[in-house]
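A short write-up of the structure that comes next.
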Amino acid sequence: MQYNADNAPLQQLEDWDEFVATRYRQGKSEEEFRNYKADANPTVTEFYRQNHAHQTLDFVLSKKAEYCGLNRDKKSIWEMAEYLNTLVDDSDPDTDLTQIEHLLQTAEAIRKDGHPRWFILAGFLHDLGKVLCLYGEPQWAVVGDTFPVGCGYSAQVVFPEFFAANPDSKISDYQTENGIYEVNCGLDKVHLSFGHDEYIYQATRRYLPDEAQYMLRYHSFYAAHRHSAYRHLMSEQDERMFEWVRKFNQYDLYSKGRERPKVQEILPYYQDLVSEFFPDKISW
Ligand SMILES: [Fe+2]
Ligand SMILES: [Fe+2]
């Protein structure tokens, strides 16, 4: 697919995932963690610069209107996974996993630990929303740590200094602690920066239990699930459910580096699993 350096600074979307995994490498000291900028190469830094500058409340509302009504397509989960697999950027086919392999690797790690079927399924689905890139969305609207828009930015979001270039930072109503929201209103009422999390959540929510919905919707909301930021916007239900988001995150971060999944061998298991929860085609 054709990339334009202006809105695609990353060589591949996984460069962002890899930066996050490095940031939270197991056994890192707090001091090493605070020094995350050392792990960010120039393309990752440029990616965050664009993401923080362009994700405004208006932008998020317009993308939700465009995609979250699910009027675009009717496809099975498998058709969507095959479609996502056509996203080949500058990756090295010998060492880098395909998109489906990453999904299966995450799901397999969850399965090995004996978790429930819906949890394994969430692992398989979690990055399918990256098809937004194939719809022509810029990288900064597909991946990246998510954060609330329409209220003050937390210093716990990576590269907070880049928010100065966001037009919302000049709108005082959007810069109070609660902004346009009410205290403890619950995250369902809060607009997060737009990306692959929200899209896969919207497409699959009616087929999945609450815990899995939370895993999909908030897996990139590191400021909240890793650093306990934005508690003032969360409800008690959010607090409870974030335990599951944290449980899920371990598998998303650390499934890389495990062995390449034997796709043909495990496929029948996943075909069964998907048909248990989903009808043949769903709306996208
Ligand atoms: Fe993701
Ligand atoms: Fe992932």
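The values are calculated or read from the model by the stated rules, or taken from the named source; none is laboratory data. Keep in mind that this is a model prediction, so the values were computed, not measured. We place every Cβ from the backbone using ideal geometry, glycine too, and count neighbours over all the protein chains shown. SASA here: full protein model, heavy atoms, side chains in, ligands and nucleic acids out. Shrake-Rupley method; radii C 1.70, N 1.55, O 1.52, S 1.80 Å.
A single member of Ser220, Ser193 is crowded, with 18+ Cβ neighbours inside 10 Å, within 16 Å of ligand 2 (Cβ to nearest atom) and small (Gly, Ala, Ser), and it is Ser220. Where helices (runs of 4 or more DSSP H) fall wholly inside the range 162-277, the ranges with 3 or more residues that are in contact with a strand residue (DSSP E or B) (Cβ under 8 Å, 6 or more places away or on another chain) and within 16 Å of ligand 1 (Cβ to nearest atom) are 196-204.
Out of curiosity, is Glu259 open to solvent by 50 Å² or more (accessible area, probe 1.4 Å), farther than 24 Å from Glu66 by Cα, away from ligand 2 (no atom under 16 Å from the Cβ) and modelled with pLDDT under 95? In short, yes.
The conditions of being within 16 Å of ligand 2 (Cβ to nearest atom) and not aliphatic (A, V, I, L, M) are met by Glu14.
Val245 fulfils the conditions (1) under 17 Å from the mean Cα position of the chain (by Cα); (2) more than 16 Å from ligand 2 (Cβ to nearest atom); (3) closer than 19 Å to Arg23 by Cβ except for a single criterion, (2). Across the range 15-28, the qualifying residues are those that are under 17 Å from Val158 (Cα atoms) and open to solvent by 20 Å² or more (accessible area, probe 1.4 Å), and the one among them that is nearest to ligand 1 (Cβ to nearest atom) is Asp17. Can you find a residue that is open to solvent by less than 60 Å² (accessible area, probe 1.4 Å), touching a residue at least 40 places away in the same chain (Cβ under 8 Å) and either within 15 Å of ligand 2 (Cβ to nearest atom) or farther than 22 Å from Tyr181 by Cα (or both) anywhere in the range 233-241? No, there is no match, as no residue in the range 233-241 is open to solvent by less than 60 Å² (accessible area, probe 1.4 Å), touching a residue at least 40 places away in the same chain (Cβ under 8 Å) and either within 15 Å of ligand 2 (Cβ to nearest atom) or farther than 22 Å from Tyr181 by Cα (or both). Looking only at residues in the range 156-187 that are under 15 Å from Arg49 (Cα atoms) and of a type in the set (Val, Ile, Thr), the one that is surrounded by the most Cβ atoms within 10 Å (Cβ to Cβ) is Val157. Restricting the first member to the range 213-229 and to residues that are more than 20 Å from Leu121 (Cβ to Cβ), and the second to residues that are small (Gly, Ala, Ser) and assigned to a helix (DSSP H, G or I), the beta-carbon pairs closer than 6 Å and six or more apart or on different chains are Ala229/Ala223.
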